Amino acid sequence: MAEENRSKTEELIIEAKKFFDFYKRDMGRAIRKGNNVIILDFMKLTEFCEKLPEELLSNPEEALGIIELAIEESGLIKNVRVRLINLPKSQEMKVRNIRSKHLNEMIVIEGIIRQASDVRPQVVNAKFECPSCGTVISVLQIEKKFREPSRCSCGRRGGFKLLSKEMVDTQRLVVEEAPESLSGGEQPKRINVFVKEDLVEPKMEEKTTPGSRIKVIGMLKEVPVPLQTGGLSTRFELAIETNNIIPLEETFEELDIGEEDEKQILELAADPNIFENLARSITPSIWGYEEIKKSLVLQLFGGVKKIHADGQKSRGDIHILLIGDPGVAKSVTLSFMANISPKGRYVVGKSASGAGLTATVVRDEYLRGWSLEAGAMVLSNKGLVCIDELEKMDPNDRSAMHEAMEQQTITVSKANVQATLRAETSVLAAANPKFGRFDPNQPIAQQIDLPPTLINRFDIIFTLRDIPNREKDEKIADHVLNEHRKEGESMLIPREIFRKYVAYAKQRIKPELTDEAVEEIKKFYIELRNQPVSSESALRPIPISARQLQALIRMSEALAKMRLSKKVSRNDAKKVIELMRYYLMQIGYDQDTGTIDIDRISGKFSASQRGKILTVRDTIIDLENRIGKMIPLEEVEKELEGKMKKEEIEEALSKLSSSGDIYKPRSGYISRTS
């Protein structure tokens, strides 16, 4: 039997050596990099060898040992590690389907990392010296308990001297099934994954942070469960001893772009209509909304993050808010954007908590302490988070977003965990108006149930109104019906190239503002802020604030980045100003004064309304000094005759009484609250 095993091993070693002779070029590449790691493509192995692939799947530990031995014998690399890729589909399985028959086999699972322990050293081999005869005994450390040799060849038992121990770095990950693979009301299952040696290198560790999607190739092992009495339980835990980890999602910065892709990208960028083409590739199933689609393209590219001389950072990410009537395809747009952006996350307001969006502190059963679990905004760092039904979120949870949107960090101070996590995330949010649909007569700010502080943090806000219009309705109907008859329109620029185009721009291009662009933006900002006002009131409306100025800069940088240009041109600034003007006219236009007023967006009153309220208040103070505390309503109306309409006076009075400035002591009279 032993003879048979030896000849089988020799046969496999010869097969492996032959394969590596054929595979020398790739091995040479690993040696040049100075790695002792060789990536082995399983499919290439099956083409070349007969018995080795089968052995790798059914008896992976021995087979890997044989392959490593074959490489070392060829004298190229010492202490080599073989990492497998490209295993057959038959080895891929869901965590829930793993059974005892799979023990000691090579399996492949996919999932999301939920927790990652710290990297700690573990003893794999220890050498002991016998004090009596000087023999050196080496003991492999396989169990959790540190083992000493039981006896020496000279008959001595115990009291051996520890000479040296061989350590490797290990880390424990908890991997959970991806939500897409679940059906019905199933709970996602988890499994422990043990990672060691080169897989816990610092650069690899960045890819195994909680929230990353990974594919794990490894051997299924059983882990004995110790009982309180000190013995072992008959039940075992399952764990995977990892052979290789493959990150499945990269940020735009990490996407691999080959020479062929680069050629295609540069060809696309040479087209003068590239902006329109990219915009048409976004949600092709939805008709219209050119301005919104253009803004979404700019959001994917993003501006340039800057760190100022005083250490202050200004964000480069663009935030967009869509507010619209039901049935204008907000959710479709959001889920499309979450899919096309790497590290995109889609969250629904009602079921999202502050902890789920930012970060939470949980008790760690293994380390007996506290550990951080990242929420959606941290998980999509350098990506995009799409929040649907923003207005249905709990107000306390919504306030957790403020810091993440402006400072781009999330600070957690709970239990004994004080941490600041990075959340360089673009936010695309959608909300419905307060009463389900827009009321065309009221300012939009009064119809959105969102705090002004949050609304202010969005660079661009679009309102999507569903107003019947024969010509438009015909086009939409044709588009929707065609979508259903065919498979739907494909993206004008295919998805993969689209992603690589954005990645290429994000990796290589950091545009700078030119003097012409600065001049254009400055002119627009100053002219709009100092526009002539028809009313004589001292309260001038503020059409645009410095926040919008920053938004203009970010968007013009994104447009230059999209053209793969190192400079922001005047034309870029002009296009962005058009988009900004479109958004301000939609939301911030005040009919009374014929001007744009930013307070209509983020404040409760427009400047003209505020002016009227103040006029009425001043009149009441004036009358109080003349008549006394009780002021008849007719007197107020008489004083303001010719200046304001009766309805406007009534509206101002109702606003003053709701804010507690005045009250009605009896019918027909008003008094000021002292």
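Key figures for this structure:
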quantity	calculated
Residue within the range 69-90 that is in a helix (DSSP H, G or I) and among the small types (Gly, Ala, Ser) present	yes
Residue ID - nearest to ILE461 (Cα to Cα), chosen from residues in the range 285-304 that are in a loop (DSSP other than H, G, I, E, B) and more than 23 Å from the chain's Cα centre (by Cα)	TYR289
First in the range 446-458 and under 15 Å from MET393 (Cβ atoms), second anywhere and acidic (Asp, Glu) and not in a loop (DSSP other than H, G, I, E, B), Cβ under 9 Å, 6 or more apart	ILE448/GLU391; ASP449/GLU391; LEU450/GLU391; ARG457/GLU406
The one condition in (1) touching a residue at least 24 places away in the same chain (Cβ under 8 Å); (2) of a type in the set (A, V, I, L, M); (3) out of contact with any helix residue (DSSP H, G or I) (no Cβ under 9 Å at 6 or more places or on another chain) that ILE109 fails to fulfil	(3)
Count of residues meeting criterion [farther than 20 Å from LEU454 by Cα and hydroxyl-bearing (Ser, Thr, Tyr)] in the range 274-326	4
Hits in the range 463-495 - residues which are at pLDDT 80 or above and of a type in the set (D, E, K, R)	ARG470, GLU471, LYS472, ASP473, GLU474, LYS475, ASP478
Residue list for the range 483-506, restricted to those being surrounded by 13 or more Cβ atoms within 10 Å (Cβ to Cβ) and part of a helix (DSSP H, G or I)	GLU483, ILE497, PHE498, ARG499, LYS500, TYR501, VAL502, ALA503, TYR504, ALA505, LYS506
Condition check for LEU173: more than 25 Å from THR209 (Cα to Cα) and in contact (Cβ under 8 Å) with a residue 24 or more places away in the chain	no
Residue check, ASN277 more than 22 Å from the chain's Cα centre (by Cα) and touching a residue at least 60 places away in the same chain (Cβ under 8 Å)	yes
Test for LYS165: is it surrounded by 15 or more Cβ atoms within 10 Å (Cβ to Cβ), of a type in the set (Lys, Arg), modelled with pLDDT of 80 or more and out of contact with any helix residue (DSSP H, G or I) (no Cβ under 8 Å at 6 or more places or on another chain)	yes
Qualifying residue in the range 437-451 (condition: hydrophobic (A, V, I, L, M, F, W, C), in the same structural domain as HIS319 (by TED's automatic domain parsing) and modelled with pLDDT of 80 or more)	no
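Listed here are the residues, each with its yes/no results for (1) in contact (Cβ under 8 Å) with a residue 24 or more places away in the chain; (2) under 13 Å from the mean Cα position of the chain (by Cα); (3) outside the structural domain of ASN432 (by TED's automatic domain parsing).
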{"site": "GLY316", "(1), (2), (3)": "yes, no, no"}
{"site": "LEU322", "(1), (2), (3)": "yes, no, no"}
{"site": "ASP325", "(1), (2), (3)": "yes, no, no"}
{"site": "VAL328", "(1), (2), (3)": "yes, no, no"}
{"site": "ALA338", "(1), (2), (3)": "yes, yes, no"}
{"site": "PRO342", "(1), (2), (3)": "yes, yes, no"}
{"site": "SER351", "(1), (2), (3)": "no, no, no"}
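The values are calculated or read from the model by the stated rules, or taken from the named source; none is laboratory data. Worth saying up front: this structure is predicted, and the values here are computed from it rather than measured. Methodologically, a virtual Cβ is constructed for each residue, glycine included, from the backbone with ideal geometry; neighbour enumeration extends over all protein chains shown.
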